[in-house]
């Protein structure tokens, strides 16, 4: 399994059809930032996105519950014939990735290792700061991922629970997000990190204030690494290496599935996705 | 049903045992602020609290989903022989109270009407400001409740989604909660409200900054009405009027049920409850 695991993918036993869609899932709509990155990096791929909006957030649930929910989401996507699954959810990637690989008969790519790899590459020998939800940070998954890539890179992990509601509220500029970002970044920058990994799908919306406050605290630029971009790059490489990328003539389509239709769904979805959506199909889980 | 409905309770067909416990439920741990108020107001009552921590929050779910979840929670409490159910959750009180009363054969008290009544009483002819989650505000339930009590009281409803994560983070003092509270209160105070109802079980933890920022904006004291205290008072009256209050010699005990054990459960529970807990029993729903 060496090579497969190295790109954070599982091993399929059959040979899937390259024209089949990619499946992407997350606990809610935040994973649409990963879809946005995938549509930029892999524009020829069809994507089926499942947001488990009826049970969001996963970050506060026990590992047993997260595994059960993740298997449910993956089951929906496999039943729709996807060729691989991209787990956009940091919490699922942190606690349920191995179980998904054991249970599923197709490649499963998680968001943690690509993000960690991009952060280590950008760290230039200094510590790597990681912002995430309480659940992701408590899992220690980024710590283990960085350790598996570099024994010399120190990790400063900081739970940043207020960033998700700020992103969902659309408060991405101004005094409140600035102060919140500053408070979370202070211990990270004080301990020497000059590279900060956004370890949650919601955080790219707050990238501006995080860069600004990081630089203000450090007195020099702070590199912000986005795990959504990192997993999109790895997915692209993974498909190319396996000869499973879709026809370059094809214009990739996007289908959205949700387990509950949240109020102002279209506004929220467009905010994360960066493009208008034509609505979503509601499914039971 | 006049009298019963007037105190926001349902009609029981049997005569429950006064020594039976009260059932209280909420989507998570926030409803423990209601339990705290109940334990102060009705110290002789045994209480069984159910926090649906595996599916929190309800505020973003569709009404159909909220009703389904609420019936599940109420079913657990009735199976444990409670004499009445106090719905601590504003979202459930807003969208599922009638359905609970139709389905259950015991009194069901919701948090909305007592809160609205206390706010109208405190408003002194000025508009009433109401802070709540996006779901509670969108439901219009407080608006209807106030209208049913007073045709002359204007309601200024303001969704305040960041207050829940602030309370959960324990950021209840300092610059960030001050700025957030100020931002939500500005339109409410500008339109003349001098009384603000806390329409969410989490908000009592932020009462200090809400009072402070309200007064700073208004240039005079702003009365903050806590719906947890209001429902506790109404529950006490309801039990007394029905002759269903427990023996005054009895020291009420508290049992906690949760559907998932969140990380740092004891710290969070103690924060809302205002007393240490001896842990919780985890149940399936």
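The numbers here are math on the coordinates, done by the rules we state, and not lab data. This one's a predicted model, so the numbers in the text were calculated from it and none came from an experiment. Don't worry about glycine lacking a Cβ; one is built from the backbone with ideal geometry, like all the others, and counts go over all protein chains shown.
Order by neighbour count: A:93, B:79, B:62, fewest other Cβ atoms within 10 Å first, most last.
B:79, B:62, A:93
Per 0.36 nm of contour for each residue apart, how much would the distance between residue A:64 and residue A:261 grow if the chain were fully extended, relative to their Cα-Cα spacing?
Roughly 68.4 nm would be gained on extension.
At residue A:98, label 7 Å along Cα→Cβ: distances to the other copies, nm, ascending?
Label-point distances to the other copies, shortest first: 5.2 nm.
Tell me the relative contact order for the range A:113-227 as a rounded percent, counting alpha carbon contacts under 8 Å between residues six or more apart.
34 percent.
Quick check: from the Cα gyration tensor, does the protein assembly as shown come out rounded (a/c under 1.5), prolate or oblate?
prolate
If the elastic network links every pair of Cα atoms under 10 Å, which of A:181, A:40, A:96 fluctuates the most in the Gaussian network model of chain A?
Taking springs between Cα atoms under 10 Å, the residue moving most is A:40.
Residue of A with Cβ nearest the axis relating A to B, plus distance in whole Å?
Closest to the axis: A:165, 2.
What Kirkwood hydrodynamic radius, in Å, does chain B give when the mean of 1/r is taken over all pairs of distinct Cα atoms and then inverted?
Evaluated over chain B, this radius sits at 18.8 Å.
If you average 1/r over all unlike Cα pairs in the range B:176-285 and invert the result, what Kirkwood radius do you get in angstrom?
17.0
Sort the following peptides by mean Cβ neighbour count (other Cβ atoms within 10 Å, averaged over residues), highest first: A:22-28, A:231-237, B:160-166.
So the order, starting with the most tightly packed, is A:22-28, B:160-166, A:231-237.
Return the calculated 222 nm mean residue ellipticity for chain B, to the nearest 500 deg cm²/dmol, obtained by summing -39500 (n - 2.57) across DSSP H runs with n ≥ 4 and dividing by the residue count.
Here the helix-only value at 222 nm equals -13500 deg cm²/dmol.
Arrange the following residues from fewest to most other Cβ atoms within 10 Å of their Cβ: A:126, A:278, A:83.
A:278, A:126, A:83
With angles folded into 0 to 90 degrees, how steeply does helix A:32-41 sit against the dominant principal axis of chain A? Use alpha carbons for both and round to 10.
Computed tilt is about 70 degrees.
Taking each residue in A:53-66, count the Cβ atoms of any other chain within 10 Å of its Cβ, then average. What number comes out?
Taking the mean over all residues of the peptide, I get 4.
For the range B:225-273 and the range A:44-70, what is the separation of their Cα centres, given in Å?
33
Let me know the mean shielding of B:169-178 by other chains, meaning the per-residue number of their Cβ atoms within 10 Å of its Cβ.
Across B:169-178, the average partner-chain Cβ count within 10 Å equals 3.
Please order B:32, A:106 by the number of other Cβ within 10 Å, starting at the fewest.
Ordered by Cβ neighbours within 10 Å, fewest first: A:106, B:32.
Other chains near B:154-167: what is the mean number of their Cβ atoms within 10 Å of each residue's Cβ?
2
Shape call for the range A:57-116 from the C-alpha gyration tensor, a ≥ b ≥ c root eigenvalues: rounded (a/c under 1.5), prolate (a/b greater than b/c) or oblate?
Since a/c reaches 1.5 but b/c is at least a/b, the shape of the range A:57-116 is classed as oblate.
Place the label 7 angstrom along Cα→C-beta at residue A:240 and in each other copy, then list the distances from the first to the rest in nm, shortest first.
Distances to the matching label points in the other copies: 7.6 nm.
Full extension from residue B:247 to residue B:17: what is 0.36 nm times the residue separation minus their Cα-Cα distance, to one decimal in nm?
Taking 0.36 nm per residue and subtracting the Cα distance, the gain is 81.7 nm.
Distances longer than 24 Å among the Cα atoms of the range B:113-227: what percent of all pairs is that?
16
Calculate the FRET efficiency for residue A:270 and residue B:144 from the Cβ-Cβ distance with a Förster distance of 30 Å, rounded to the nearest 0.05.
The value I calculate is 0.45.
Run the label-point distances for residue A:191 please: 7 Å along Cα to Cβ, every other copy, nanometres, shortest first.
Listed shortest first, these distances are 4.6 nm.
Residue A:173 to residue B:103: FRET efficiency via 1/(1 + (r/R0)^6), r the Cβ-Cβ distance, R0 56 Å, to the nearest 0.05?
Computed FRET efficiency for residue A:173 and residue B:103 comes out at 0.75.
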